[in-house]
Amino acid sequence: MVPVFAARHVEAAVPPERALEAVREAFIAFARGEWSMPPKVYVPAYPAGDFRAMPSLGAGHAALKWVTSFPGNPARGLPTVTGLVLLSDASDGSLVAVLDAGAVTALRTGAAAVLAAETLGHADARAAVVGAGVNGRAAARTFVARGHDVMLWDVDEGRAREAAEQLGAGVAGSRAEALGADVVVTVTPGHEVLFPAGSLREGQHVSLMGADGPGKAEIAVEEIVRTHVFCDDWEKPGSEITVSPEAGAGNPAARVRLFADDWEQASHNGDLAKAVEAEKLTREDVTQLGDVLAGTAPGRQSPDDITLFDSTGLAIQDLAIALAAMGCADELDLPTLDL
């Protein structure tokens with residue numbers, strides 16, 4: 001009998017703080033080569049959306065997430081993200097569990113956003129989440145669970161206020177206020193650049209969570225490459241890029257350090273992709289977050305550093321959440337499949 005975790009079961013089994021620790025452990029295991037992750041496969045169904053197949057292997061288990069991203073679905077009363085996570089025993093191939101992919105994705109997205117913010121941003125800085133959809137709420141919920149002061153902003157003011165009331169968060173008075181926070185998490189469809197050239201402030205941290213597929217972007221290429229960049233799946237620290245005198249707000253020489261969840265994914269489908277295509281960014285300019293967490297690469301090195309985290313979403317994160325959920329399976333009244 002194979003247990004089935006509906007969304008409510010995943011949420012009950014894995015509170016935000018446990019999700020963050022599980023994702024942290026996954027990043028470190030991946031950086032050390034203990035977990036593996038073949039490339040994510042996109043099956044485009046544009047302009048409506050796309051399907052994604054995301055395999056991973058680690059901790060004696062294998063997982064496959066079959067998930068969708070259809071940004072127009074909420075207007076039809078349907079979720080943007082749907083699908084399943086299949087968890088198998090890596091010793092014999094047997095299916096161990098089936099989990100709701102939307103809930104797993106929201107948990108690990110919120111966890112990764114806050115983990116990057118805590119690792120790279122200033123301690124006790126007030127945070128802002130731009131986008132109050134499912135994944136934006138997950139990020140805000142994780143901030144609150146970790147004891148951080150956080151405010152929400154959304155194009156739909158009513159949605160932001162409703163989410164803030166439910167989560168115990170604040171509401172930003174404007175998009176500019178949210179984007180100017182010391183720590184910012186952007187969880188948007190990725191169809192609009194939120195940070196144009198010269199918009200980042202010295203000392204600021206931004207977790208870019210929305211540009212997780214081809215053609216999406218939340219930050220201008222000029223702002224990525226104006227100083228110094230890192231990616232979270234890298235082998236060595238990045239090299240500096242010449243800064244033009246007119247670039248940047250405040251101190252134009254403040255270095256931008258960019259961290260991504262995986263260089264291969266980010267260089268093809270994340271905010272880094274356009275900079276790579278324009279030959280303004282190479283792997284030598286980026287360091288992976290997992291290496292920082294594992295202690296093999298530096299993170300923020302100065303209070304004035306600007307740190308960016310480019311997240312494309314990793315299959316190892318899904319595996320981590322699935323394993324965490326399985327740890328509480330006996331405590332839940334789960335339906336089962338007889339295969």
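Answer with yes or no whether A53 is over 19 Å from P335 (Cβ atoms), assigned to a strand (DSSP E or B) and not aromatic (F, W, Y). Spelling it out, A53 is indeed over 19 Å from P335 (Cβ atoms), assigned to a strand (DSSP E or B) and not aromatic (F, W, Y). Annotation: V185 fulfils all but one of (1) in a helix (DSSP H, G or I); (2) under 17 Å from the mean Cα position of the chain (by Cα); (3) of a type outside the set (S, T, Y); the unmet one is (1). Could you please find all residues in the stretch 9-33 being free of Cβ contacts under 8 Å to residues at least 12 places away in the same chain and of a type in the set (D, E, K, R)? Hit for the stretch 9-33 is E21, nothing else. Of all residues in the stretch 133-153, exactly one satisfies the criterion of being out of contact with any Ser or Thr (no Cβ under 9 Å at 6 or more places or on another chain) and either farther than 16 Å from P16 by Cβ or assigned by TED's automatic domain parsing to the domain that holds P79 (or both), namely M151.
Remark: A116 falls outside the filter, which requires a residue to be assigned by TED's automatic domain parsing to the domain that holds R8, buried (at least 19 other Cβ atoms within 10 Å of the Cβ) and either assigned to a loop (DSSP other than H, G, I, E, B) or among the small types (G, A, S) (or both). The condition (being of a type outside the set (V, I, T), surrounded by fewer than 24 Cβ atoms within 10 Å (Cβ to Cβ), modelled with pLDDT of 90 or more and assigned by TED's automatic domain parsing to the domain that holds H205) is satisfied by just one residue among D304, D310: D304. Scanning the stretch 1-50 for residues that are in a loop (DSSP other than H, G, I, E, B), closer than 25 Å to L78 by Cβ and either of a type in the set (G, A, S) or in the same structural domain as N135 (by TED's automatic domain parsing) (or both) yields a count of 2. Restricting attention to the stretch 73-112 and to residues that are modelled with pLDDT under 95 and part of a helix (DSSP H, G or I), the residue that is surrounded by the most Cβ atoms within 10 Å (Cβ to Cβ) turns out to be N73. One residue stands out in the stretch 295-339 among those that are among the charged types (D, E, K, R) and touching an Asp or Glu at 6+ places or on another chain (Cβ under 7 Å): the one that is farthest from T109 (Cα to Cα), namely D304. No other residue among A132, A145, A172, A164 is crowded, with 24+ Cβ neighbours inside 10 Å, touching a residue at least 24 places away in the same chain (Cβ under 8 Å) and of a type outside the set (S, T, N, Q) apart from A132.
The values are calculated or read from the model by the stated rules, or taken from the named source; none is laboratory data. Bear in mind the structure is a predicted one, so any value in this text is a computation, not a measurement. Note that we place each Cβ from the backbone using ideal geometry, even for glycine, and neighbour counts take in every protein chain shown.
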